Structures are given as structure tokens and as C-alpha cells.
Amino acid sequence: MTSSAPPTRASRRQFVEVAAGTAPPGSFEDKKLRYIRRVLFLARHWRSLFDDALRETGDSHARWLTLTWVDLLAGKANHRELAERVGVELPTLVRLLNRLEKEKLVARRSLGAKGRAKSVVLTARGRESLAAMARIVERTRKPFVEALDEELLTQGLESLDRLLGQYATVLDWRGTRPTD
């Protein structure tokens, strides 16, 4: 999807509301289940739109996410820490890094005095590739969230942050806890 316009009714996917479980329709428990289903549907739909848009340049969500974290961590993290940030197993990350290194998008460097641990940094070519992907991300994101005004967005963030806080320690990308 390369257009910045939202999808037409005909091109939108269908979301079928399923009454599963024993909670009566409209009850608090039913609403919780419906909320989760919608979050999952939208996450899959975003990933699909994002991957489709990135395919224009031969890229993918995995490549974008990995290059983004390599850039943010700026060579200060080892492969295991990078894998945790990207959200993949170490062997999966190593295979992806091997491909990115072969394409000259990243370079591995020794981390620390012993030199055994390796970190990864973007090359000039990697920065160019990430910048091109960032333009695609922005173009794809705008229509995806255009139906939200600031009040709705704030309410949505509050509800998701409350859930997130139950299952994760929330840090900003530098590894510190947000102040607000």
C-alpha cells in the first residue's frame, strides 16, 4: 500500500466479531476479550501494511526494526542485548546480521577490552537505507492512525500503558524509566 490515503471500504479487511467464551455479550468480561481481539487484529494489520510498503525497497519489518535498534544502541550493546531489543532469538538475529553485513549495511565491532563480545553499528549505506525506510514508515503510519484525535489517542495510550505495566518494565529507548 503506497498511497497515503486510507483504504477504501472495498479494500479494507473484514474483522468478524466472534462471541467466544462464557461471558454474556456486552458484559465487562466480554468487553475485555473484544479489546484484546481488536489489538491483535490491528497489530497484524499494521505489520501487513508495513511489510507491503517496505517491499517496494526489498526491505521488511524485521530489517527495519533491526537497523533501527542498531542505530539507537550505537554499538553499545552485544548481540544478545540487541536480540532482546529486536524481540528475536539470538540465532535468528545472527542470521539477519550476517545478511546485513554482507550487504554492507552494518559492521561488527569488538565490544570491551577482551574483544570476544561483538557489537554492531550502521555503515553509511545502512544509515541511507534506514532513512529510506523511515520515509516509508511515516507514509504508512499517517493513514493508519488518522481517525484518532489527540483525546482518543491519549485514552488509548493510557489503557495500553496500564496493561503494559502489568507485564513489562517500561523504559525509554535509552534504558531509563520515563518520567511521566
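What follows is calculated from the coordinates using simple rules that are stated; it is not laboratory data. Given the structure is predicted, the values throughout are model-derived calculations rather than measurements. Reconstructed Cβ throughout: ideal geometry from the backbone, glycine too, with neighbour counts over all protein chains shown.
Just checking, which of Leu49, Leu96, Leu40 is farther than 30 Å from Arg12 by Cα, of a type outside the set (Ser, Thr, Tyr) and either in a helix (DSSP H, G or I) or in contact (Cβ under 8 Å) with a residue 24 or more places away in the chain (or both)?
Details: Leu49 fails: farther than 30 Å from Arg12 by Cα; Leu40 fails: farther than 30 Å from Arg12 by Cα.
Only one candidate passes the filter, namely Leu96.
Determine, yes or no, whether Val170 is out of contact with any Pro (no Cβ under 7 Å at 6 or more places or on another chain) and either polar (S, T, N, Q) or outside any helix (DSSP H, G or I) (or both). No, not satisfied.
When restricted to residues that are touching a residue at least 40 places away in the same chain (Cβ under 8 Å) and either of a type in the set (S, T, N, Q) or over 16 Å from Arg127 (Cα atoms) (or both), segment 75-87 contains 4. The set of residues in segment 52-74 being part of a loop (DSSP other than H, G, I, E, B) and either surrounded by 17 or more Cβ atoms within 10 Å (Cβ to Cβ) or free of Cβ contacts under 8 Å to residues at least 12 places away in the same chain (or both) consists of Gly58, Asp59, Ser60. Scoring Leu157 on the criteria (1) surrounded by 13 or more Cβ atoms within 10 Å (Cβ to Cβ); (2) aliphatic (A, V, I, L, M); (3) free of Cβ contacts under 8 Å to residues at least 40 places away in the same chain; (4) not in a loop (DSSP other than H, G, I, E, B) leaves a single failure, condition (1).
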